[in-house]
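First the structure, in the form of structure tokens, and then the observations on it.
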Amino acid sequence: MHELAIAESLLEIIVDESNRHGLKRINKVKLQIGEFAAVVPDSLMFCFEMVSRDTAAAGVVIEIESVGVTARCDKCDLSFDVENKIFLCPRCGEAALELLSGRELTVMSIEGETGEE
Amino acid sequence: MEIKVPVVRNILQANERLAAENRKRFDEAGIFVVNLMSSPGAGKTSLLEKTIDELRGRIGIAVIEGDLQSSYDAERIQKKGVQAVQINTDGGCHLDGNMIQIALDSLDLSSVDLLIIENVGNLVCPAEFNLGEHEKIMILSVAEGDDKPLKYPLMFQICSVLLVNKIDLLPYTDCDVSKIRERVRQLNAKGKIFEISCRTGDGFAPWLSWIEEKVAEHGGGTAGQAGRGLRRQQSK
């Protein structure tokens, strides 16, 4: 249920960016969400619908791009896709890894109308 | 006119900013801070009680307690003679950087070497919210089962220490600790695993040594008094 807190932060960012760029109407927001982020997209959409009601972002289309989990072995430097949540290097078996992607919770772009011709 | 605005902003950036401010405050004061997480009932408060009993006199400890309701846990800790402040989230499933910032104002940090933040009992949501801590630590009690690393991988992946608690109950459960170790190794092989019982005190020595080493690294505890005093003077 922390999706509610995340939806509130998302709304703040959308309102802030829309004001800054003079958007009168917001049509679409693109997000990236990592597969390893503890966020359920459906739940986030549901919460966003609630918190954005009666705001300029009401009814906005949210498009979510899922980002796969990748890691780097800090022993042999191999970057690889993490499958089945096994964070072990497929080349050397080393477990010392750096997470490269998979925890994203990012607003990528906002589309809307400026009200100008 | 329809336009597309490129943004690229982390949705949790507001929390990350507050967490960074908290972290700065901890570092200036030379305090080692852990974010303690687990399911409800795994033994977070019992771990604190036992750890306080063992480290009292050597390390200055303070506790921030996070719960949905009640000040029961903070009262348990205060009985041990250490500072404790209770945060009630009123239904909120995790602590965040702002709650910690507010709680810090009711603690006297001058004699504190170790601050333990007991998060809301939950294996999901607290994993996404940094509080400014130096280390994330979790407890899994054997009664919860050895399948938990498969079901809540993020929590197990981000914690630098896993305490497997209630090992005195192993004869009464089907939990296989070697399976926990193997499953956690695949997620987070750098993480340390300590098997403990808060009830009997079994297995506490390695956990206590780990805490003491970390506190000393951050300039606290008996060994670090001189260094810490100096740092505090400099930061004034």
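Between B:LEU123, B:LEU131, the distinction of being open to solvent by less than 10 Å² (accessible area, probe 1.4 Å), assigned to a loop (DSSP other than H, G, I, E, B), in contact with a helix residue (DSSP H, G or I) (Cβ under 9 Å, 6 or more places away or on another chain) and within 14 Å of chain A (Cβ to nearest Cβ) belongs to B:LEU131 only.
Every residue, every condition in (1) closer than 28 Å to B:LYS148 by Cβ; (2) open to solvent by 20 Å² or more (accessible area, probe 1.4 Å); (3) within 14 Å of chain A (Cβ to nearest Cβ); (4) free of Cβ contacts under 8 Å to residues at least 12 places away in the same chain, yes or no:
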| residue | (1), (2), (3), (4) |
| --- | --- |
| B:LYS4 | no, yes, yes, yes |
| B:VAL8 | no, yes, yes, yes |
| B:LEU12 | yes, no, yes, no |
| B:ALA19 | yes, no, yes, no |
| B:LYS50 | yes, yes, no, no |
| B:ARG76 | yes, yes, no, no |
| B:GLN83 | no, yes, no, no |
| B:LEU95 | yes, no, yes, no |
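The residue pairs whose first member lies in the stretch A:88-99 and is basic (Lys, Arg), whose second member is modelled with pLDDT of 90 or more, and whose beta carbons are closer than 8 Å, counting only pairs six or more residues apart or on different chains, are A:ARG91/A:CYS73; A:ARG91/A:CYS76; A:ARG91/A:LEU78; A:ARG91/A:PHE80. The number of residues in the stretch A:1-21 that are in contact (Cβ under 8 Å) with a residue 24 or more places away in the chain, part of a helix (DSSP H, G or I) and under 16 Å from B:ILE3 (Cα atoms) comes to 4.
Counting only residues that are of a type in the set (A, V, I, L, M) and buried (at least 16 other Cβ atoms within 10 Å of the Cβ), the stretch B:186-210 holds 4 of them. Against the definition (within 12 Å of chain B (Cβ to nearest Cβ) and assigned to a strand (DSSP E or B)), how does A:ILE64 come out, yes or no? So A:ILE64 passes the test. For A:ALA38, state whether it is touching a Cys at 6+ places or on another chain (Cβ under 7 Å), hydrophobic (A, V, I, L, M, F, W, C), open to solvent by less than 50 Å² (accessible area, probe 1.4 Å) and within 9 Å of another protein chain (Cβ to nearest Cβ). Considered against the rule, which asks whether it is touching a Cys at 6+ places or on another chain (Cβ under 7 Å), hydrophobic (A, V, I, L, M, F, W, C), open to solvent by less than 50 Å² (accessible area, probe 1.4 Å) and within 9 Å of another protein chain (Cβ to nearest Cβ), A:ALA38 comes out as yes.
Taking the stretch A:70-117 and the strands (runs of 3 or more DSSP E) fully enclosed by it, the elements with 2 or more residues that are open to solvent by 20 Å² or more (accessible area, probe 1.4 Å) and acidic (Asp, Glu) are at A:105-113. When A:MET45 is tested against (1) open to solvent by 20 Å² or more (accessible area, probe 1.4 Å); (2) closer than 15 Å to A:SER109 by Cα; (3) of a type in the set (A, V, I, L, M, F, W, C), just one condition goes unmet, and that condition is (2). Checking the stated criteria, A:LYS30 turns out to be closer than 28 Å to B:PRO153 by Cβ, assigned to a strand (DSSP E or B), within 12 Å of chain B (Cβ to nearest Cβ) and open to solvent by 10 Å² or more (accessible area, probe 1.4 Å). Would you confirm whether any residue within the stretch B:28-42 is closer than 16 Å to B:LEU163 by Cβ, part of a loop (DSSP other than H, G, I, E, B) and either open to solvent by less than 10 Å² (accessible area, probe 1.4 Å) or at pLDDT below 95 (or both)? There is at least one residue in the stretch B:28-42 that is closer than 16 Å to B:LEU163 by Cβ, part of a loop (DSSP other than H, G, I, E, B) and either open to solvent by less than 10 Å² (accessible area, probe 1.4 Å) or at pLDDT below 95 (or both). Evaluation of B:ILE139 against the conditions (1) open to solvent by less than 40 Å² (accessible area, probe 1.4 Å); (2) assigned to a loop (DSSP other than H, G, I, E, B); (3) more than 12 Å from chain A (Cβ to nearest Cβ) shows that the sole unmet condition is (2).
The values are calculated or read from the model by the stated rules, or taken from the named source; none is laboratory data. Just so you know, these numbers come straight off a predicted model, no measurement behind them. No Cβ is skipped: glycine too gets one built from the backbone with ideal geometry, and neighbour counts run over all protein chains shown. Just so you know, the surface numbers come from the protein's heavy atoms only, side chains and all, with ligands and any DNA or RNA stripped out. Shrake-Rupley method; radii C 1.70, N 1.55, O 1.52, S 1.80 Å.
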